[in-house]
1. Obtain the nm distance between the two label points defined at residue 110 and residue 215 by a simple spin-label model: each point lies 7 Å from its Cα along the Cα-to-C-beta direction.
2. To the nearest 500 deg cm²/dmol, what mean residue ellipticity at 222 nm is calculated for the chain from DSSP H runs of n ≥ 4 alone, each contributing -39,500 (n - 2.57), summed and divided by the residues?
3. Based only on Cα atoms, what Rg/Rh ratio does the chain have, Rh being taken as Kirkwood's radius?
4. Could you tell me the calculated FRET efficiency between residue 222 and residue 25, based on Cβ-Cβ distance and R0 = 45 angstrom, to the nearest 0.05?
5. Kindly put 181, 220, 106 in sequence by how many other C-beta atoms sit within 10 Å of each C-beta, fewest to most.
6. Consider a paramagnetic label point 7 Å from the Cα of residue 188 along Cα→Cβ; state which residues of region 142-180 have an amide N under 17 Å from it.
7. Obtain the radius of gyration and the Kirkwood radius of region 144-213 from its C-alpha atoms and give Rg over Rh.
8. How would you rank 54, 108, 251, going from fewest to most other Cβ atoms within 10 Å of each one's own Cβ?
């Protein structure tokens, strides 16, 4: 694993996690490298999500194929980062915040890889939708709703990755608090598509494909929330999975 230049590392990251406290300079570099690799993977997954959604909305078969093929790179990055973390755990036997960092990274790359899988679903459905001419005028409303949901999920993912880079707990909590917005928009699209299928049975297959794309966005929203929960765990040392916002805030305050 080659070491990358980390000159753009947010200062808040090293301050909050004390990554510069070790006697071994090499250990410091390894921990910074882990963070850098996760952010690289996050950027790639974000591109996959955006390109996959664009392929669906614009009936772009070439872009869809590109998204499908590029998924191999996402999978490879997950394996490489996981192996790198395993090597650090074996050599350094870290404790406290260092151990939390590596544990949260291993969890985070799993969620990022699954987001990549959801983006592949965009690509596969985009090809079928393009062949079925679903983007015609009579089908425009479901796609408009899908575009709106997609923009919200994409923006939230971008904010989550920024929060991850900066270890911004406040931003992470804000994203967790608003997770229900994605669920509500997904329900709205589902009802719209059910109505469309009832009105025009010939469009059932295509309407189902749009539904699967909306479901993929909903799942990406869930994985994004998971990333934010890992931020809280990493910085605060609190496992807030399956907790309500009130429980999360009480746990942090205590």
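1. A separation of 2.2 nm, rounded to one decimal place.
2. -28500 deg cm²/dmol
3. Radius of gyration over Kirkwood radius for the chain works out to 1.04.
4. Between residue 222 and residue 25 the formula returns 0.70.
5. 181, 106, 220
6. So the set is 142-156, 178-180.
7. Rounded to two decimals, Rg over Rh is 1.15.
8. Least crowded to most crowded, the residues run 251, 54, 108.
Quick note: the coordinates plus some simple rules give every number you see, no bench work behind them. Everything numeric here is computed off the predicted structure, so don't read it as measured data. Quick reminder, even Gly has a Cβ in these numbers, built from the backbone with ideal geometry, and neighbours come from all protein chains shown.
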